[in-house]
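The values are calculated or read from the model by the stated rules, or taken from the named source; none is laboratory data. What you see is a predicted model; the values in this text were computed from it and never measured. Every residue, glycine among them, receives a Cβ derived from its backbone with ideal geometry; neighbour counts consider all protein chains shown. Ligands, DNA and RNA are stripped out before the accessible areas are found, and what is left, the full protein with its side chains, is counted by its heavy atoms. Shrake-Rupley method; radii C 1.70, N 1.55, O 1.52, S 1.80 Å.
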Amino acid sequence: MHKKLLKISILFVFIFTATLFQSCSKSADNNGSDGVTPSNLVINTEIVGQNVTNPNGDGSGMVNFTITATNATSYKILIGTENINSTTGIFSYNFTQMGTNNYTIYVTAYNGSQSISGNKSITVFRASGLLWGDEFNSDGAPDSSKWTYELGAGGWGNNEHQYYTDRSVNSVVQGGSLKINLIKEAFGGSSYTSARLITKNKFSFKYGRVEMRAKLPAGGGTWPAMWMLGDNISSAGWPACGEIDIMEHIGNTLNKIYGSLHYPGHSGGNSVTGTTMITNATTDFHIYALEWSATDIKFYVDNVLYHTFANNNTVPFNSNFFLIFNCAMGGDFGGAIDPNFVSATLEIDYVRVYQ
């Protein structure tokens with residue numbers, strides 16, 4: 001009888017002690033050495049190659065992260081669907097989605113079971129592989145393996161006042177850039193001369209990123225353009241072939257950049273157009289770019305998006321296009337010509353196509 005009571009007493013003491021220990025352990029988990037909640041979470045990002053010209057980076061897609069929080073011992077980072085664990089908060093990440101994209105970075109800083117969370121949004125530019133380009137680094141005539149001249153007057157229905165020639169006075173590669181010179185002079189029945197260069201039958205492509213760095217001409221009536229036409233223009237005609245105007249500018253409305261699309265139902269003055277205002281278009285170089293896919297066509301200046309067109313299989317923007325550079329004078333879009341105009345230059349530092 002006494003032995004049975006003793007066994008019961010020992011069992012009671014064991015259960016009580018175990019319960020007390022378990023209770024103390026839970027308390028320690030909540031309020032012990034890891035009970036100090038991290039604070040002052042800071043998410044610093046360095047987009048590689050970011051500067052005034054390239055506000056979203058150099059196209060590498062690389063971003064360096066430095067994440068700090070008082071009392072934190074580890075960090076968990078969510079980028080898209082990818083989870084990253086770090087004990088230091090210092091790491092680099094390569095964004096691989098082509099083009100200029102917005103991302104929200106989610107961060108949780110831990111001290112044991114205690115944590116603090118925050119997020120930061122960044123915009124990163126990622127260039128894909130270079131498919132084709134011209135850096136215009138060899139002085140002389142434009143590279144004949146890449147470019148062909150279109151010759152003639154009138155602007156093919158736009159009532160322009162220039163005559164396009166293949167003379168070096170109107171187009172020349174010099175000092176690391178292509179110069180298309182618009183000149184006031186009598187030639188072939190026109191009052192001005194200029195040049196129009198195309199890649200038709202030499203290079204065309206479907207989808208990708210087109211990027212060109214250029215300084216635009218000044219003067220009332222000037223109408224520089226960097227644009228594309230469908231490869232099938234000879235058979236389908238215009239506007240059925242489609243037209244994508246990557247950049248247009250008119251001297252009578254300085255610093256206003258146009259990005260437009262022409263296709264059946266939207267030809268002439270009925271194009272689908274977006275515009276943006278910039279500074280120093282005629283005195284500084286700017287980057288004019290287009291990102292083109294089966295789902296959308298996006299227009300940028302200095303990597304800043306200003307116009308998006310929803311692409312689909314009912315419009316003619318899903319086949320090969322070729323490139324065109326020209327500088328027109330007057331006409332339906334260029335407008336009134338400054339009577340004191342003498343000459344002006346469209347200067348193109350480079351053109352690159354990524355895919």
query = Residue check, Met277 against (1) more than 16 Å from the chain's Cα centre (by Cα); (2) buried (at least 17 other Cβ atoms within 10 Å of the Cβ), all met but one. Which one?
reply = (2)
Answer residue from region 101-144, given it is touching a residue at least 40 places away in the same chain (Cβ under 8 Å), in a strand (DSSP E or B) and small (Gly, Ala, Ser) and is farthest from Thr73 (Cα to Cα) among those = Gly133
key: Qualifying position, being under 30 Å from Cys327 (Cα atoms), touching a strand residue (DSSP E or B) at 6+ places or on another chain (Cβ under 9 Å), charged (D, E, K, R) and open to solvent by 60 Å² or more (accessible area, probe 1.4 Å), among Glu135, Glu82, Glu150   = Glu135
ask   = Taking the condition of a type in the set (A, V, I, L, M, F, W, C), surrounded by fewer than 14 Cβ atoms within 10 Å (Cβ to Cβ) and at pLDDT below 95, does Val52 pass?
value = yes
task = From the list Val272, Val315, Val342, pick out the single residue that is over 23 Å from Ser235 (Cβ atoms), hydrophobic (A, V, I, L, M, F, W, C) and surrounded by 14 or more Cβ atoms within 10 Å (Cβ to Cβ).
result = Val272
ask   = Of the residues in region 215-225, how many are part of a strand (DSSP E or B) and buried (at least 24 other Cβ atoms within 10 Å of the Cβ)?
value = 3
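Scan region 154-202 residue by residue and report those that are assigned to a strand (DSSP E or B), within 28 Å of the chain's Cα centre (by Cα) and free of Cβ contacts under 8 Å to residues at least 40 places away in the same chain.
Just the residues of region 154-202 that are assigned to a strand (DSSP E or B), to begin with: 162-164, 171-174, 177-187, 190-194, 196-198.
Subset that is within 28 Å of the chain's Cα centre (by Cα): 173-174, 177-180, 196-198.
Matches in region 154-202: Val173, Gln174.
Got at least one residue in region 234-246 being part of a strand (DSSP E or B), in contact (Cβ under 8 Å) with a residue 40 or more places away in the chain and not charged (D, E, K, R)?
So in region 234-246, the residues part of a strand (DSSP E or B) come out as 243-246.
Remaining after also requiring in contact (Cβ under 8 Å) with a residue 40 or more places away in the chain: 244, 246.
Then keep just the ones that are not charged (D, E, K, R); that gives 244, 246.
The answer is yes; a qualifying residue exists.
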query = From Asp143, Asp166, which residue is farther than 30 Å from Tyr300 by Cβ and open to solvent by 40 Å² or more (accessible area, probe 1.4 Å)?
reply = Asp166
key: Matching entry among Ile257, Ile244 (being among the aliphatic types (A, V, I, L, M) and either in contact with a Gly (Cβ under 6 Å, 6 or more places away or on another chain) or closer than 20 Å to Thr53 by Cα (or both))   = Ile257
Residue check for Gly251: out of contact with any Cys (no Cβ under 6 Å at 6 or more places or on another chain), open to solvent by less than 20 Å² (accessible area, probe 1.4 Å) and not in a strand (DSSP E or B) = yes
